[in-house]
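What follows draws every value from the coordinates through simple rules; no lab data is involved. Just so it is clear, the model here is predicted, and its values are computed rather than measured. Neighbour counts run over all protein chains shown; Cβ positions are idealised from the backbone, glycine included.
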Amino acid sequence: MSAEPTAPLPVPQPQTEGYSRREALVMGLFALAAAATTAGCSAADKLALDDFVAKHFRDLTPDELKDRLAQLEKKYSEQYGKSVKVSATPPIPGVLFGYALDLSRCIGCRRCVYGCVDENNQSRDPQTHWITVLEMDKEGGVNLQNADAFYDHETVPAPGKFYMPVACQHCENPPCVKVCPVEATWKEPDGIVVIDYDWCIGCRSCISACPYGARHFNWGTPSIPKEELNPVTEYLGNRPRQRGVVEKCSWCLQLTRNGLYPKCVEVCPVGARKFGNLLDPESEIRYIIENKRVFILKEELNTQPKFFYYYGL
Amino acid sequence: MSFIRKISNFVTGTGRMALLGGNRWYYVWLAVLVACIVQAGFAYAHQYQYGLISTNMRDSVSWGFYIGNFTFLVGVAAAAVLLVIPAYVYDWKPIKEVALFGELLAVAAIIMCLLFVMADMGRPDRFWHLIPGIGHMHLPSSIMAWDSVVLNIYLIINLSVASYLVYCGYYGIHYNRKIVVPLVILSIPMAVSIHTVTAFLYNGMAGRPYWNSAILAPRFIASAFCSGPALLLILFQILRKVSAFEIKDEAIHKVAELMAYAMAFNLFLFGAEVFKEYYSDTHHLVHYEYLFSGLHGKASPIAPYAWISLAFAVISFFLFLIPKTRRMPLTMNIGCVLIYFSVYIEKGIALIIPGFTPDQLGQVYAYVPSSTELRVAAGVFGVGFLLFTLMVKVSVAILFERGDQAAHA
């Protein structure tokens, strides 16, 4: 990957306009609730109230963001009995991420699926997977109507089959962002589509709108064994989620914004997964797009995915 | 009498009218509704504690029975008021008298809609994120945000008009036409818009070919014109039997005639959709196959309902098309019940579920609502019918039984 690893960067510059009025109104609305709970206010009540009145990520001033991150670190550290870091690493200027996946190499082993679960703190029970690996007949080609996401063989690849992992395509024209009624999800300058878990109302419009089945809802309370929690987390990425909100692949922004590869790229045993900066003409991702037969999923929908499938062999 | 005094008298007086002076069946009916609501309270408490995992919705089929009911009731709310069009546009008296009841039905239906949306939300505690000023309403791009705008405006308009009319009736003063007529006229395009915007909610999703059809909004309006009036016709006949409420046969026949046109149009639009899907025979046909039969050799659990809905729609159309059966009370009422359930199945089951089945990656999850979903839905209908019953009881007492009630207050 050609994006240079960078030193820790300053917190993002949020919008400040209209913030004080909004805060005044929110606080006014909930002042009564706060007053009512102060009398017998336990630490847990305080945390619940902090979560309840949490502002939209992009409305937080740099100071408020710092406070909020500290609040969350304290909460998660107590909850999981270890020191948890929550950062809000901003996008790297001049970087637009892109992904490529070599269908002729993928063997359907699902190592990416479970590597992702570990790295990104997906719920173990109930199970949430950001990556779905589809098994299809070689004879039939890419035809989702004949795809099986629940194949269960002793060994892979199964004869006559090929495999197509699908996760968030990080569309340039993302239909999920368009439909969200509260702007809880948006596309970052580096092309990553993110979700503010503290702002999502759980209406699931985005799940309906996504043509790739990439978004997942926390139907129950997500649970991760304490010892398995990855303590290096991002506010808009892999921090522990709550029940009733939507989540999805964030291209491991806790890694990629620090110059590392996403976990699925790291763990793929056959090198089918490629990741890099689309704006860098020397990058591997650009080489693939320019020299291989690439295609994107559901091209006719004009979602303009930055996730490219190709046949490398 | 001061204004505040007048209002408090009005509230206590109408409260008394709502709760006192019914016959035995009235109280049995209220008790049934309260029981529905109480059991739903327990079901919802369970859902609130454990999350939406207590429904049968999952990532594949991420909207289900709640949103289906919501969609159906938006149609009822819209159509109840659309009946007002002939009354006000053509100044056609017999319907005008009952326009108030259309508005009350709209109020009850919208409240049910909002309750269904709340029941479906993962984080109902964050509803305030949708309030302009303190939240982030994603306008103009999110249709869901638009829907919450138009539904709330529609609720406020109908609630204002209906309570103003009842208030005037209570004190025996004539209502001010300058206030009522503009609001009623405004409620007509609003009625069209709530159902259109709700259709656009689905329609605008290019990744869901089952919904991505330009005639979805017209189909919503046509089917609403079938189910909403059906409910009102049955209500009018019950009220005419059990209270001093008056409605001329002429008005009932006129509404039934309008419904016959709506049913014809509804079936025509449905046929156009079916032709396009089956004749072009693209990959998108899978959703219709799931609706009417099944996929990969497995029968679809919703197919029987889809066929029942279609059969009911055809039978009721003929009952309403033929003037003799349209006017005969028995056949007309059978037709009303059939078309009501036909549209209920069409919006509640046949619109939402096949849109998600198979899902975006071709996987089939055979969704049927869980007992929690059924119980919560029963409670929401309980709330709606209870509100509607109480409002109608008061309105009938004031508008048709007059006499000493006003003097009491």
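Some notes on this structure:
- Ranked by how many other beta carbons lie within 10 Å on average, peptides B:281-292, A:267-278 from highest: A:267-278, B:281-292
- Rounded to the nearest 0.05, the FRET efficiency derived from the C-beta distance between A:D50 and A:D125 at R0 = 22 Å is 0.25.
- Gained length - B:N23 relative to B:R5, 0.36 nm times residue gap less alpha-carbon distance: 3.4 nm
- Put simply, the amide H of A:R204, placed in the peptide plane, has no neighbours under 5 Å, leaving out anything fewer than 5 places away on its chain.
- Cβ neighbours within 10 Å from other chains - mean over B:129-142: 6
- Between B:V34 and B:L183, the contour length at 0.36 nm per residue exceeds the Cα-Cα span by 50.3 nm.
- Chain B: most fluctuating residue of B:S280, B:S148, B:S300 per GNM, C-alpha cutoff 10 Å: B:S280
- Taking a straight Cα-Cα cut-off under 19 Å and skipping sequence neighbours fewer than 8 places away in the same chain, the aspartates and glutamates within cross-link reach of B:K298 are A:D148, B:E289, B:D359.
- Residue with peak Gaussian network fluctuation, chain B [Cα springs, cutoff 10 Å], from B:D359, B:D249, B:D147: B:D249
- In sequence order, the stretch B:287-293 has phi-based couplings of 5, 5, 5, 5, 5, 9, 9 Hz under the Karplus curve 6.51 cos²θ - 1.76 cosθ + 1.60, θ = phi - 60°, and Gly or Pro positions carry x.
- Only helical runs count toward this figure. For chain B, summing -39,500 (n - 2.57) over DSSP H runs of n ≥ 4 and dividing by all residues gives -24000 deg cm²/dmol at 222 nm.
- Whole-Hz Karplus values for the stretch A:246-262 come out as 9, 9, 5, 4, 10, 6, 6, 4, 5, 9, 5, 6, 10, x, 9, 7, x Hz, taken residue by residue from phi with 6.51 cos²θ - 1.76 cosθ + 1.60 and θ = phi - 60°; glycine and proline positions read x.
- Dipole of chain B computed with +1 at Lys/Arg Cβ and -1 at Asp/Glu Cβ about the Cα centre; of B:T198, B:A31, B:I67, farthest Cα towards the positive end is B:A31.
- Each peptide among B:195-206, B:327-338, B:60-71 gets the average number of other Cβ atoms lying within 10 Å of its residues, and from highest to lowest they stand as B:60-71, B:195-206, B:327-338.
- Built amide H within the under 5 Å cut-off of A:G312, gap 5+: A:L103, A:S104, A:R105
- Simple point charges give the picture: +1 on the Cβ of Lys and Arg, -1 on the Cβ of Asp and Glu, and for the stretch B:3-408 a dipole about the Cα centre of about 980 debye.
- Annotation note: GluC sites (Glu not before Pro) in the stretch A:129-221 located in DSSP loop regions with a Cβ neighbour count of at most 11 within 10 Å are A:E139, A:E154.
- Across the options A:L134, A:V194, A:G160, the greatest Cα extent toward the positive end of the charge dipole of the stretch A:130-254 (unit charges at beta carbon of Lys, Arg, Asp, Glu) belongs to A:V194.
- Computed from backbone phi with θ = phi - 60° and the Karplus coefficients 6.51, -1.76 and 1.60, the 3J(HN,Hα) list for the stretch A:199-213 is 10, 4, 9, x, 7, 6, 4, 5, 5, 5, 7, 5, x, 10, x Hz; x is used for glycine and proline.
- Each residue, B:Y261 and B:Y164, gets one label point 7 Å from its Cα in the Cβ direction; the gap between the two is 2.8 nm.
- Charge dipole (the stretch B:151-308, unit charges on Cβ, about Cα centre) - positive-most of B:Y171, B:A299, B:L258: B:Y171
- Our summary gives the stretch B:3-408 a relative contact order of 30 percent, counting only alpha carbon pairs under 8 angstrom and 6 or more residues apart.
- Between B:S141 and A:V232, the modelled labels are 3.2 nm apart [label points 7 Å from Cα along Cα→Cβ].
- Nearest-20 debye value, the stretch A:121-212 charge dipole, Cβ charges on Lys, Arg, Asp, Glu: 180
- Chymotrypsin sites (Phe, Trp or Tyr not before Pro) within the stretch B:320-409, DSSP loop, no more than 16 other Cβ atoms inside 10 Å: B:Y365
- GNM top mover of A:Q145, A:Q71, A:Q127 - chain A, alpha-carbon springs below 10 Å: A:Q145
- Subset of A:K55/A:K226; A:K75/A:K187; A:K178/B:K347; A:K85/A:K226; A:K66/A:K178; A:K55/A:K263 violating a 21 Å alpha-carbon distance limit: A:K55/A:K226; A:K75/A:K187; A:K178/B:K347; A:K66/A:K178; A:K55/A:K263
- Relative to the longest principal axis of the Cα atoms of chain B, helix B:99-120 runs at roughly 40 degrees.
- Pairwise label distance in nanometres, A:E300 with B:V274, each label 7 Å out on the Cα-Cβ vector: 2.4
- Test item: A:235-243 mean partner chain Cβ contacts at 10 Å: 1
- Other protein chain C-beta atoms within 10 Å of residue C-beta, averaged over A:190-201: 2.
- Amide hydrogen proximity for A:E234: with H placed 1.01 Å from N in the peptide plane, the residues at 5 or more positions away or on another chain lying under 5 Å are A:S87, A:R239.
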